[in-house]
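The structure appears below as C-alpha cells.
The values are calculated or read from the model by the stated rules, or taken from the named source; none is laboratory data. All values derive from a computational prediction rather than experimental measurement. Methodologically, a virtual Cβ is constructed for each residue, glycine included, from the backbone with ideal geometry; neighbour enumeration extends over all protein chains shown. Just so you know, the surface numbers come from the protein's heavy atoms only, side chains and all, with ligands and any DNA or RNA stripped out. Shrake-Rupley method; radii C 1.70, N 1.55, O 1.52, S 1.80 Å.
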Amino acid sequence: MQASSNTNAVFQDVKRAADLADYIEQASGAKRKKSGATVFFNPAPCCNHNDCFSLFGDDDSAYKCFSCGAGGDVFTYAEQVQGLDKGEALREVAAWAGVTLPDMKKSANDTPQPENRSQRLLEAVIVYYQSVLANRADVMQWLTAEKPDGRGHKITTLKTMEVGCSDGMLVEALRAQGFDLDEVKASGLYVESRKNPGEWRDFFVPGLVIFPHRLPSGEVAHFTLKDPKKKMDYQFRAEHRLDGFVFGNQKAIRAETVICIEGENDLASFFDAGFKNTLASLGQLSDKQVAWLDAQGSGKTIITWFDYDTKWGDNGQPPAGWKYTRRVYQRLLRNTRCKVLVASGLMDPGEDPDDWIQKDIESAPHRIQAAVKKAMNPLLWELRVMPADVRSDADACLRYLNEIEFFEYLSLLDELQRDAVIVEMQKLGFSRDAVMSGVKESYGLKDTLDDLLESFNGSGKSDSYKRLCSTAVWDYFRQRGRFFVSGDRLCLFYQHTIYTIGDNVPWKALMHREAGLNIKQEVSGFILEELKALTYSRGDKLSEFGWISLLSDETGPVLYLNLKDAANRILKVSCNSVDIAENGTNPHNVLLAESSQMKSFRYDPDVNIAQAMHSMKAMVLDSMACDPSQRYLLMAWALSAFLMPLTSAKALMKLEGGSGSGKTSAAEVLSLLLYGENMVGRSSTASDYSMAATEPLIIKDNLETDDLNRNALNFLLLAATGATNIKREQGTQSGVVTEKINCLVAITAIEPFSKPELINRAFIVDFHKKYQRIDFVKDDNARELLARRDDMLSAWLLLLSEKVLPSLGDRGKIIQYIREHHKDFSKDRVSEYLALLVLIARALMRYMPLSNELKLEAGDREPEYVLLDAWIKYQNEHSRAIEQGTNAVLQLIDGLKRVFLIEYTRKDAEAVAAAGLFGINQVRIWCELMGVWIWREEVIDEANVNKRRQTFYFEGSTQDLLSMLLRYGREFGVKVPFSNARQLGVRIANEMETLKRAGWWPSQVKVVNGNRISRWRWTDGGEE
C-alpha cells in the first residue's frame, strides 16, 4: 500500500492500515483479552500494572492506561512505550503495517548541500543493505528464528534498527545513484585490499548482517556487523566514524534510567521486549565510553547489564563482563550526581542479556522491569559473584577484596547501602568492626592528611600545612558532595545528608569519621574557617532551599518533595507520574532540605488507592467536629501543602470553638497525617520563620487576640501572602538573606480575629460538640492513622499526579465561576488558592462522596461546585459577623448613630420640617455632639407599599467626620485611632464594602472650597 503524499493524510493512511491491538501484541509480547465488547491487556504493556489498560473508540483505535496515565493512538503508543519520536513512530508503524511512505525529501534533481553529501551517501547505504536483506531469506531466517536455530528477533525490531545485509555490490549501487567513486572511497565503505594492492572491494564482505548506528541528532555515525557463520568479526574503522559517537543507541542517554549492555544482539533483544533505554558498548568497553557515561550520567541511574561470563583468563584476569562492570562502577561511584547499579548478577552464570531475554520472550518485559527494580549496588554484586573457592577461605577472601580495592569503594557508599553490604559480608565471616576498620584504612582523606603531617615532620603549626589540609578537605568533599549557601547557612550535601558547616555535633562527627579530626585540634579550627570562606565564595547559591520545589518540563509542572525518605531521597511528582529521585543528583539538580520534625515516609507506588482513601475519610475527614461541607475544606487545605509553590497567596486556617469543641483534636489529626506526630503548638514566634522554610505545616495553638503582637501578625501575613522574609545577612553590614515561607499555617482559638487584614486572609471553621462522633476514640484513631499514614500519603500523591496536576487548567473556569456567582466573596484575595482547593476536593470525592444531605442539595450540579458554594456562603457569613464587630471605622460611626438616636428620642418635638431627598415627612434635627444637622425621612418600600422605613443622613467632609469622632471619643472615653483626615479617608475607602454591608451608604455629593463633602446615610428595618 502506498500512503498519500499529504503529511496529515500519511498519518491517517498508516493508522487505518495498522490494527492497534495487533501492533501492541507484536511490540510488547502481551496477548489481548476481551470482556464483552471491550478489548484489554493485562498486565498493562506500558507500566505492567494490573486491570488498568483497555482499548476504546472507533474500531478500538485508541488506548488508555488508568494507572500510569498513558493513552492515545498507535503512534502515541510507539512514542510513549517504545521511546520513539514522532517521525520514528510513523516509520516504525508504517513498516510494520506494510505501508510504503512517500519520499518527502527533495527530488533527485535537487543538488544536495555539500555538507550533507556524506550523510546522503550513508543513508543510501542503509537503504541498500536493507533491500539486500529483504531478498536474503536465509539471513532473515537466521535473524528471526527462535534460538538455537536463529537469534529470535522481531521483524519490527530489525526495521527499527535499520538492519541490513551486505552483498559485495555496494559500490555499483551507490554509483548508480549518482555518487562518484572517490566519494565512496572517502566514506570508508570501499577499500583497497591489503593482500593485493590496487584491488578494491566493499569494506563489508558478502553475507554479513549490518547494524547502522546513529547519533541522537539522527546522523549516521557508525556500522557494525554480525556474521551468521561466525567467521568474521570487525567494525567500521575508527577514522570513518562520526565525531561524538560513543555507544550504540546513544539517544538512550536521554532516559532517567539507562541500561548499559554489550552487543548488537543484546540491544536487539531489549528492543524486542520494548525497552529502548539501552546503550550498547558494541565490543570491549573503552575508557572513552566510561568517561562519557560519567559526564552524561548526572541525575541518572546507570544499570550495568553486561554478560555474566564465567571464564577466567589464563593470567588470572576476571571474565570480560566483570571487568566492564568494575570499570563503570569504579568511575561512577565517585560521581555523587549519578547512581550506578548492577543487574547482570540476576541472570544465571554463563548467560548474557540476549539469551536471558530470548529464553522466554513473552515474559521478558515483566522480567526486565523486575530486574531493574532488583538491580543491586555494585559491591553487593561483587560479593554475590565472588568465586566459591575464594568465599570459603577467609584469607583468600580478604586478599581478593583488597585486590579489587573493595574497601575504598565501600567507603563511597552512603550509610544505608553500606549497611546492606556489611550484612552480606557478615555471612562470609567478617564482623562489622573488621569491615569498618578496612573502610577506614582505605579512606583517602585521612591518609592524605597523615601524609601531609609526615611531610612537615610531624609539626602541624605552620600556616602552609594548615592551608594544604584545608585544600585537601575541600577537594575531597567537593568531589563527592556539594557545598552550597542557603540564606545565612553554609552547608555540605554529602552521602545524602545535609550538614551545616560549623560548631555543631553532626559536623564534628563527620570530620572525625571522614578525616580523623577532632574539633579541639588547632588545625581543625583553621580548616573550619577555610571551608566557610570557600563555601561562601565558591559554593552553589540556593535562593530557595526548602522541603518543596516547583519546576516544569514538557509535561507541565514538576514538584519535588522531601518527605524524609529513610535514604534522604525525594519524590518527583509530575502529570501522571510519581517517581523516587535522588536528592541533589536528579535531572533538575534539585536539592531539598528535610523536615526536622517529620517522621520518615515510605512511598508505595502499588498502594490500593481506594482502600487508602477510605481510611483517610474514616480517620481524618469524618473525625472533624464541624459542618460536613467545611470538613472537605479543611482536608483540601491540609493536602494543598503538597502544591504550595503553585500559588503565592494562601489562606490561613482558623479553627474556632469553645473548650472541648474538638478544634485542637482536628489540628492534631492533620498534624499526624502530614508529620507522623503531633506538632500542635510546637512553634514559637522566634522559630516560625526557620520552620516555615522546611516544614509543611505550622499550628499555632490557642493564639488569642492578646497574643497577636506585631511579630506574630507579620509572620501570619507573610504566610498568607506568600511573601519572602528579608533580614540582614550574618556578619555583614549591608548584605541581606531571604527566607521563603513554604508552609501552611493553622490557628486554633476561642476568640475571632480582630484584624481585618487577617479576617480577609483566613478561612474560619467553627467546631462544636454537636458535630462530634459519639464513637470517636482519639487515641485509637491516632494509632490507626499512623499505621496507615504511608498508604494514605502514597495514594494522595498518586491522585495528585493523575487528577490534580493534569487539570490545573480548570482553575480559570472555577475562578470565573466565583467572580460571576459570588461577586460579594469576602475573601476574594484567595480566590486563586480556593480554585486549587476545589480541584483537590474533586479528586478526593472520587473516594469520599458527599453526604446524602449535600447530594440532595447538589441536584444536577457538579459536586465540587456544591462544596464551593457552601464554602463561600459559610465564609461570607462568618467574615461579616466578625468584621462588623471589630472594624474600627464602623464601630465609631455606629457610636455616632447611637448618640444621635438617643438625642432624637429626646428632641423629636424639636424636629424642623425640611426639604428632603428620598421620601416623605422630611424633617431635620440638630445634633449638638456631632455639630451637624441630621435629616430624617420616611421611605416607602417598593416591594410593600404598606411598609415604611426611616432613613437618616448627614453631610460633611472627612475632616468634619474626624472632628465628630474625636468629640465622641472624648465624651465617652473611646479611643480614636486616626490622627488626621487623610488617614481616616484611606481607612474609609478600604472598608467601604464592610460599611455598606452594615447598612451605611456613604457617597460624595459636592465639593466646597476644595473639600469633598460626603453624605452619610443609614436606614432602619422599617415597620408596617
Report, by residue number, each residue of region 727-754 that is assigned to a loop (DSSP other than H, G, I, E, B), open to solvent by 60 Å² or more (accessible area, probe 1.4 Å), at pLDDT below 75 and in contact with a Ser or Thr (Cβ under 9 Å, 6 or more places away or on another chain).
-> none
Give me a count of the residues in region 864-891 that are part of a helix (DSSP H, G or I) and either at pLDDT below 90 or touching a strand residue (DSSP E or B) at 6+ places or on another chain (Cβ under 7 Å) (or both).
-> 16
Condition met for SER537 (in a helix (DSSP H, G or I), of a type in the set (Ser, Thr, Tyr) and either closer than 29 Å to VAL680 by Cβ or open to solvent by 10 Å² or more (accessible area, probe 1.4 Å) (or both)) | yes
Unmet criterion (only one of (1) buried (at least 22 other Cβ atoms within 10 Å of the Cβ); (2) without any contact (Cβ under 8 Å) to a residue 24 or more places away in the chain) for LYS650 = (2)
From the residues in region 997-1008 that are modelled with pLDDT of 85 or more and open to solvent by 70 Å² or more (accessible area, probe 1.4 Å), which one is farthest from PHE954 (Cα to Cα)?
-> VAL1007
Which residues, taken from region 305-321, are open to solvent by 20 Å² or more (accessible area, probe 1.4 Å) and in contact with a helix residue (DSSP H, G or I) (Cβ under 6 Å, 6 or more places away or on another chain)?
-> ASP307, TYR308, ASP309
Counting only residues that are at pLDDT below 90 and β-branched (Val, Ile, Thr), how many does region 755-773 have?
-> 1
Breaking point among (1) modelled with pLDDT under 75; (2) within 32 Å of the chain's Cα centre (by Cα); (3) crowded, with 19+ Cβ neighbours inside 10 Å, for ALA3 = (2)
Which listed residue, of ARG861, ARG783, is of a type in the set (D, E, K, R) and farther than 21 Å from PRO628 by Cβ = ARG783
The one condition SER269 fails out of (1) over 19 Å from LEU143 (Cα atoms); (2) open to solvent by less than 30 Å² (accessible area, probe 1.4 Å) is (1)
Please work out which one of (1) under 27 Å from VAL923 (Cα atoms); (2) open to solvent by 60 Å² or more (accessible area, probe 1.4 Å); (3) out of contact with any strand residue (DSSP E or B) (no Cβ under 7 Å at 6 or more places or on another chain); (4) among the aliphatic types (A, V, I, L, M) is the condition LEU962 fails and give its number.
-> (2)
Only one residue in VAL385, VAL328 is crowded, with 22+ Cβ neighbours inside 10 Å, aliphatic (A, V, I, L, M) and within 21 Å of PHE306 (Cα to Cα), so which one is that?
-> VAL328
Screening ASP309, ASP395 for residues that are more than 30 Å from HIS153 (Cα to Cα) and either in contact with a His (Cβ under 9 Å, 6 or more places away or on another chain) or modelled with pLDDT under 90 (or both) leaves only ASP395
What is the residue count in region 680-691 for residues that are touching a Ser or Thr at 6+ places or on another chain (Cβ under 9 Å) and open to solvent by less than 10 Å² (accessible area, probe 1.4 Å)?
-> 0
Subset tally (residues that are at pLDDT 90 or above and buried (at least 22 other Cβ atoms within 10 Å of the Cβ)) for region 581-622 | 5
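Listed here are the residues, each with its yes/no results for (1) assigned to a loop (DSSP other than H, G, I, E, B); (2) farther than 30 Å from ASP775 by Cα; (3) at pLDDT below 85.
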site: GLY658; (1), (2), (3): yes, no, no
site: THR664; (1), (2), (3): no, no, no
site: LEU674; (1), (2), (3): no, no, no
site: SER687; (1), (2), (3): no, yes, yes
Within region 771-813, of all residues that are of a type in the set (D, E, K, R) and under 20 Å from LEU571 (Cβ atoms), the one least open to solvent (accessible area, probe 1.4 Å) is ARG789
Which residues, counting only those in region 388-414, are in contact (Cβ under 8 Å) with a residue 40 or more places away in the chain and either at negative phi or of a type in the set (A, V, I, L, M) (or both)?
-> ILE404, TYR409, LEU412, LEU413, ASP414
Hey, ASP707 hits all of (1) without any contact (Cβ under 8 Å) to a residue 40 or more places away in the chain; (2) open to solvent by less than 40 Å² (accessible area, probe 1.4 Å); (3) not aliphatic (A, V, I, L, M) but one; which does it fall short on?
-> (2)
Which members of region 391-411 meet the condition of being open to solvent by less than 80 Å² (accessible area, probe 1.4 Å) and either small (Gly, Ala, Ser) or more than 30 Å from ILE357 (Cβ to Cβ) (or both)?
-> ASP393, ALA394, ALA396, CYS397, LEU398, TYR400, LEU401, PHE406, PHE407, GLU408, LEU410, SER411
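Here is a yes/no grid of residues against (1) under 24 Å from LEU808 (Cβ atoms); (2) out of contact with any Lys or Arg (no Cβ under 8 Å at 6 or more places or on another chain):
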{"site": "ASN576", "(1), (2)": "yes, yes"}
{"site": "ILE580", "(1), (2)": "yes, no"}
{"site": "HIS588", "(1), (2)": "yes, yes"}
{"site": "LEU592", "(1), (2)": "yes, yes"}
{"site": "GLN597", "(1), (2)": "no, no"}
{"site": "ASP606", "(1), (2)": "no, yes"}
{"site": "CYS626", "(1), (2)": "no, yes"}
{"site": "SER629", "(1), (2)": "yes, yes"}
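Residue-wise test of (1) in contact (Cβ under 8 Å) with a residue 60 or more places away in the chain; (2) open to solvent by 30 Å² or more (accessible area, probe 1.4 Å).
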| site | (1), (2) |
| --- | --- |
| GLY152 | yes, no |
| LYS159 | yes, yes |
| GLU162 | no, yes |
| GLU172 | no, yes |
| PHE179 | no, no |
| GLU183 | yes, yes |
| LEU189 | yes, no |
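Matching residues to (1) over 51 Å from the mean Cα position of the chain (by Cα); (2) closer than 18 Å to ARG214 by Cα:
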| residue | (1), (2) |
| --- | --- |
| GLY150 | no, no |
| ILE155 | no, no |
| GLU162 | no, yes |
| CYS165 | no, yes |
| GLY168 | yes, no |
| ARG175 | yes, no |
| LEU181 | yes, no |
| ALA186 | no, no |
| SER193 | yes, no |
Output the residue which, of all residues in region 626-648 that are more than 22 Å from ILE882 (Cα to Cα) and in a loop (DSSP other than H, G, I, E, B), is farthest from the chain's Cα centre (by Cα).
-> SER648
Check SER801, SER794 and return the single one that is in contact with a Cys (Cβ under 9 Å, 6 or more places away or on another chain), closer than 19 Å to ALA638 by Cα and of a type in the set (S, T, N, Q).
-> SER801
